[in-house]
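Chemist: Quick one: structure below, then a few questions.
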Amino acid sequence: MNSVFILVGCLLWSAHSGGQQLIGGEIEASRDDFDLLQGLDKGLMVVNARTGEDEKFVFVPDSIHATSQVVQGTRYRIQVIIAKSVCRNDEAHKFDRIDKCPVKPQVPGDKNRNCLCQFVIWSRPWLTGNESIIVQSANCTPVISTSQPILTGGALNSTDILKHPHLLQGLDIALMDYNNEGIDGTGLVPANKYVYLPQTLNVTIQEVEGKVFRAHVHIAPSICPNDDEHTYLRVDECSVQDINSLDIRRLIRKCEFEIWSRPWLPIPNALTVKKLSCVPVPVSSPQEPGRIHSVIGLKI
């Protein structure tokens, strides 16, 4: 392990009651967190305004998976199922949740009835007005049912990522290391921060004295500078540069990282991150970069 990683690991980890937490990293958030639920309410207002549907969408509480991150307040990353309700999508039902607006019964041919949504909510409760809770990102895609994604055969789908805060922390460290060492280890530090694309993520999990995550994921240059101010930001806040540009497509890499989580151990052994490979994504065919671009931009 190189000195850069050791330095990063020592700077990022600190003691936390009941375990250890990555400063600027994420921990699992409770579904009953008041600020999280307030943020979801505001996020659903954004979604309902965007859809133009007659029926109001409500979130399904049991489907919430979320992490929290302390950054001048709290940033929540939330994955949740939303469903059409029996209530009208109007001002009168603007603040109503599923208890007052039950899910609408299934009707044959009713499309986009349920959606899987990803929200980034920034909560600063000491502020007033709209600045106290900001919806930084609200992306939704239709799903067939409200059943939750499950692990099968040890493989982890990108929709399960919020269930594993240590995987998120490991990916953050892997990208920090990549941005520090330069593109392909050349030492030529990129001017713009590289981010990973969650929709391209494929992970396997091995239970051996903790958890070993083997993650395959695409990374690409973002619009954000590669500096300390943007260290903890991901693709939802540092969007990818124009993938339709051939020059940008040539900079996309497909990487494999190994993340070994043993949270009961002291620093820096609690989280070990290795870059196994990072290779260019072929640009001879535009289909693959185009697919990444279309998935990132999916909105309800």
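The values are calculated or read from the model by the stated rules, or taken from the named source; none is laboratory data. What you see is a predicted model; the values in this text were computed from it and never measured. Note that we place each Cβ from the backbone using ideal geometry, even for glycine, and neighbour counts take in every protein chain shown.
Chemist: Would you say Ile296 is under 19 Å from the mean Cα position of the chain (by Cα) and at pLDDT 90 or above?
Modeler: No.
Chemist: Within the stretch 70-100, track down each residue that is among the hydrophobic types (A, V, I, L, M, F, W, C) and surrounded by fewer than 19 Cβ atoms within 10 Å (Cβ to Cβ).
Modeler: The answer is Val70, Val71, Val86, Ala92, Phe95, Ile98.
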